[in-house]
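K.L.:
Dropping a structure here in structure tokens format, bear with me for questions.
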Amino acid sequence: MKVRKIEMGFTEPDMTPMIDIVFQLLTFFMIAINFENTKADERVRLPKDMLAKPPEVKPEHELVLNFGYERDLSGNKKANVPTVFYNERYVEVGNLTPDLEQEKRIMESLHGKDVIDKVTVLIRADSEVPTGLVQQLIKKCQDNGFSKFSLRATAEEK
Amino acid sequence: MKVKSTGLSKVEIPMAPMIDIVFQLLIFFMLNLRIIAPEGNFNINLPISAPANAQTDVNLPAIKVALRSDRDGILTQLMIGTTNLGNDDGAFDRLNHEILKIIGKPGNPMTSEIEVELDADYECQYRYTVKAISRCTGRMDPQTQQVARYVEKIKFAPPHKPKG
């Protein structure tokens with residue numbers, strides 16, 4: 001009986017569908033990505049509210065203060081006192097004056113002496129932070145010349 | 001002189017470098033993507049330290065909303081003026097209703113003049129304060145998904161001392 005010898009040849013897989021999918025993914029990520037530096041610290045768990053919609057007009061000058069609790073990996077608080085997350089440091093509200101003065105100096109050197117009246121301080125405070133401490137933070141900012149404030153919350157879908 | 005005629009042959013463009021670059025770009029965008037929930041602002045009017053007599057052009061008295069809490073910051077009482085609205089989930093909806101009763105209707109010209117003064121206990125958790133600000137600011141129409149604006153000016157009363 002004659003056995004036909006089958007030659008093993010190299011089969012090239014068709015790469016076209018894979019390239020199509022890769023281009024689709026690339027297009028998705030290019031559209032979805034946002035390079036804007038929102039300074040949104042993920043350690044701060046903002047309160048949720050339905051009326052919290054992104055502003056139509058972004059403030060021209062803003063100072064973002066992230067105010068929350070230092071937490072461990074499971075989400076439990078490491079300390080009962082909330083701190084401001086500033087430049088990789090945990091700063092208590094009472095010790096924030098040098099940092100606020102530095103921010104003010106930088107803004108004035110970049111945009112002129114009058115800029116401080118136009119700066120909006122965006123306070124991103126954790127939902128469990130005592131209101132009194134938020135008020136203290138606002139007062140600290142006022143003592144350093146800032147006069148416009150906004151409180152941040154996450155948009156809640158109902 | 002004999003000229004060798006070269007026949008037209010198909011030029012194959014090597015696709016491997018392009019695929020490499022595309023994969024590099026894909027990895028870059030995947031690593032840089034940050035999915036952040038949309039955030040909104042509630043603007044606060046009037047610095048805390050501003051004296052009350054600085055408001056000479058406002059003729060309407062401020063609506064006083066009080067938030068009382070226990071030592072853990074949990075809301076125990078929500079009040080508008082002298083009316084106790086309770087401390088359950090419906091308390092803030094009642095606050096919203098009371099504010100609407102005061103202003104009459106959304107878009108009323110007086111909404112640009114009237115103020116709400118928030119008086120919260122020191123320990124009161126910030127989420128209750130934001131809820132109160134939100135309910136005083138307006139209401140989302142469930143059908144049209146448009147925001148009906150109530151009071152535009154919100155300010156804080158001088159802060160309380162901690163309960164100790």
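The numbers here are math on the coordinates, done by the rules we state, and not lab data. Note that the structure is a prediction, hence the values are computed from the model and not measured. Counting neighbours? That spans all protein chains shown, and the Cβs are built from the backbone with ideal geometry, glycine included.
K.L.:
What stretch of chain A, leaving out the sites themselves, is the longest with no GluC sites (Glu not before Pro) in a DSSP loop having at most 10 other Cβ atoms within 10 Å?
P.N.:
Segment A:89-156 is the longest.
K.L.:
Identify which of B:32, B:84, B:108 has the largest mean-square fluctuation in a Gaussian network model of chain B, with springs joining Cα atoms closer than 10 Å.
P.N.:
Comparing B:32, B:84, B:108 in the GNM, the peak value goes to B:32.
K.L.:
Only bridges with both residues in the protein assembly as shown count here: give the DSSP antiparallel percent, nearest 5.
P.N.:
Working: 24 of 46 bridges.
Percent antiparallel among DSSP bridges in the protein assembly as shown is about 50.
K.L.:
Could you tell me which of the pairs A:104/B:64; B:131/B:163; B:131/B:153; B:101/B:153 are separated by over 24 angstrom between their Cα atoms in the structure shown?
P.N.:
On the way: A:104/B:64 33 Å; B:131/B:163 22 Å; B:131/B:153 15 Å; B:101/B:153 17 Å.
From the list (A:104/B:64; B:131/B:163; B:131/B:153; B:101/B:153), the Cα-Cα distance tops 24 Å for A:104/B:64.
K.L.:
Then there's this: Kindly express, to the nearest 10 degrees and within the range 0 to 90, the angle between helix B:126-137's C-alpha long axis and the longest C-alpha principal axis of chain B.
P.N.:
80
K.L.:
Another one. Would you list A:143, A:126, B:72 from fewest to most Cβ contacts within 10 Å?
P.N.:
Ranked by crowding around the Cβ, least crowded first: B:72, A:143, A:126.
K.L.:
What is the set of long-range amide H partners of residue A:52 at a cut-off below 5 Å, with H atoms built 1.01 Å from backbone N?
P.N.:
Amide H to amide H, under 5 Å and 5 or more residues apart or across chains, residue A:52 pairs with A:156.
K.L.:
In addition: Taking the simple approach of a point 7 Å from Cα along Cα-to-Cβ for both residue B:76 and residue B:143, what is their distance in nm?
P.N.:
4.2
K.L.:
Can you list which of the DSSP-assigned H helices in chain A have a Cα extent of 15 Å or more along the long axis and an average Kyte-Doolittle score of at least 0.0?
P.N.:
A:16-32
K.L.:
Rounded to the nearest 10 degrees, what's the angle between the helix B:90-103 long axis and the longest principal axis of chain B, both from Cα atoms, 0 to 90?
P.N.:
The two axes meet at around 70 degrees.
K.L.:
If I stretch the segment between residue A:35 and residue A:62 completely, what's the gain in nm (0.36 nm per residue apart, minus their alpha carbon distance), one decimal?
P.N.:
8.0 nm
K.L.:
With an 8 Å cut-off on Cα pairs and a minimum separation of 6 or more residues, tell me the relative contact order of chain B in percent. Don't skip to the answer; put the middle values down first.
P.N.:
Values: 211 pairs, mean separation 38.6, N = 164.
Reported relative contact order: 24 percent.
K.L.:
Within chain B, what is the longest stretch that has no GluC sites (Glu not before Pro) placed in a DSSP loop and near at most 15 other beta-carbon atoms within 10 Å? Please report the intermediate quantities before stating the final value.
P.N.:
Details: sites that count: B:12, B:113.
The reported range is B:13-112.
K.L.:
May I ask for the longest run of chain B untouched by trypsin sites (Lys or Arg not before Pro) that are loop-located per DSSP and have at most 11 neighbouring C-beta atoms (other than their own) within 10 Å? Spell out each step's value before the answer.
P.N.:
Details: sites that count: B:2, B:4, B:10, B:71, B:163.
Between exposed loop sites, the widest span is B:72-162.
K.L.:
If amide hydrogens are placed 1.01 Å from N in the peptide plane, which non-local residues have theirs closer than 5 Å to the one on residue B:150?
P.N.:
Under 5 Å from the amide H of residue B:150: B:138, B:139.
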